[in-house]
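Below is one structure, written out as structure tokens, with a few remarks after it.
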Amino acid sequence: MSDRPLLYLIDGHAVAYRQFHALPEQAFSTKSGEVTNAVYGFTRILVDILLDKQPKYLAVSFDAGMSGRDEIYDDYKATREKMPDSLAQQLQRIGEVVQAFNIPILKLEGYEADDVMGTVARQAEEQDINVLIITGDRDILQLLSDHVQVQLPAYKNKADVIYDIPAFQKKYGIEPGQLVDLKALMGDSSDNIPGIKGIGEKTGTKLLQQYHTLDGIYEHIDEIKGSTQKKLIEGREDAYLSQNLARIRRNLPITLEIEKCHTQDFDFNTVTSIFRELEFRSLFDRLESYNMTQLPLFNMNAEDAGFLPPDDIVEAVIVQDKAALDELVETLNSAKEIVWDVETTSIDQMQARLVGIAIAVDGER
């Protein structure tokens, strides 16, 4: 993608669902018995993004309905198992974690997260912002463009996969915009989208490679021979129904307020408080270590951090080479007052690793 600001969009339900099934419940629970496997997996991904990728913007989307698809087709998603109670309970906790990081939750009553993200991604592109969507749902791949990519997080023994247009073309043999018509032909069992009986992925892909769209296929129906033609004719109504069900809506009445998605605006103490409550020790330690070395990235009061604000802003110099070190030695030799402190990865003196040494000289630098 081009050199634009980047907005990360996390598909809340899809990522939580994937983590719920990837991490064993018995290994993730608090002392009080609260199950946290989905919360932990989701939060780990969130922390990885914030600390490792440091995107300028980030938002999370959740389902709040079916976008009317269940009214178009009574059996839409009818074959899906009911959400486990333990996952439903954890979704509320995930929302609390997201809010603790001061990350906006994007949802619209009556609509699926896919449609919210589709609308927001379109608006981001119009604002010259790149988008990376984190999801476990391959339906989102239809949104791929020059400025929108999709990441499928690691799952069980599979590594993260990031799709751009070339990666999609290589995997599926068609363009991202043709994915809707492929699902119209072959259906989608995960959402109970019917498709055309007897048309599978291989045949559907071949038809789209030749005729490009569902409309194009039916415009050239006389050129298609044998049983495939018969199936297409008999399944035409189901094909267009399935196309409507599979297509992500991109014109919802929701507005992307991009500055509310800024990532460097959360309170360290609020986040670590909920980490303590959920007993996420490893994530707590990681966030704490990062905070010690990257303090400007956190919204943290000076008193909370254990120091008083300086009366004046003084010059800061980072010593990274021999010339700067020689200058520091010369400055120290002539200094009247020197104050020094060690910068470490943790306040735990038995586990901390040295990051650097901070030195103040005569209150001037």
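The values are calculated or read from the model by the stated rules, or taken from the named source; none is laboratory data. On a predicted model such as this, the values are computed, not experimentally measured, just so you know. Glycine gets a Cβ as well: all are built from the backbone with ideal geometry, and neighbour counts include every protein chain shown.
Here is the figure for region 43-97: residues that are of a type in the set (A, V, I, L, M) and farther than 25 Å from Leu287 by Cβ total 6. The set of residues in region 40-77 being crowded, with 22+ Cβ neighbours inside 10 Å and at pLDDT 90 or above consists of Tyr40, Gly41, Phe42, Thr43, Leu46, Tyr57, Leu58, Ala59, Val60, Ser61. Ser273 fulfils the conditions (1) at pLDDT 75 or above; (2) over 29 Å from Thr30 (Cβ atoms) except for a single criterion, (2). Please tell me if Asp128 is closer than 25 Å to Leu50 by Cα, crowded, with 23+ Cβ neighbours inside 10 Å, out of contact with any Asp or Glu (no Cβ under 7 Å at 6 or more places or on another chain) and not hydrophobic (A, V, I, L, M, F, W, C). In short, no. Within region 1-58, if we keep just the residues that are part of a strand (DSSP E or B) and hydrophobic (A, V, I, L, M, F, W, C), the residue that is farthest from Lys107 (Cα to Cα) turns out to be Val35.
All conditions but one from (1) among the hydrophobic types (A, V, I, L, M, F, W, C); (2) modelled with pLDDT of 65 or more; (3) in a loop (DSSP other than H, G, I, E, B) apply to Leu325; the one that does not is (3). Return the only residue of Tyr211, Tyr163 being surrounded by 14 or more Cβ atoms within 10 Å (Cβ to Cβ), without any contact (Cβ under 8 Å) to a residue 24 or more places away in the chain and not assigned by TED's automatic domain parsing to the domain that holds Gln123. Among Tyr211, Tyr163, only Tyr211 is surrounded by 14 or more Cβ atoms within 10 Å (Cβ to Cβ), without any contact (Cβ under 8 Å) to a residue 24 or more places away in the chain and not assigned by TED's automatic domain parsing to the domain that holds Gln123. Among the residues examined, Leu256 qualifies as modelled with pLDDT of 95 or more and more than 18 Å from Ile72 (Cα to Cα).
Residue count for region 206-220 under the criterion of being assigned to a helix (DSSP H, G or I) and either basic (Lys, Arg) or out of contact with any Phe, Trp or Tyr (no Cβ under 9 Å at 6 or more places or on another chain) (or both): the result is 7. A single member of Gln178, Gln149 is in contact with a His (Cβ under 8 Å, 6 or more places away or on another chain) and surrounded by 15 or more Cβ atoms within 10 Å (Cβ to Cβ), and it is Gln178. Among the residues of region 49-88, just one is among the basic types (Lys, Arg), more than 28 Å from Leu6 (Cα to Cα) and free of Cβ contacts under 8 Å to residues at least 60 places away in the same chain, namely Lys82. Here Gly198 passes the criteria (1) outside any helix (DSSP H, G or I); (2) touching a residue at least 40 places away in the same chain (Cβ under 8 Å) except the one numbered (2). Apart from one condition, Ile105 fits all of (1) within 22 Å of Ile45 (Cα to Cα); (2) crowded, with 20+ Cβ neighbours inside 10 Å; the exception is (2).
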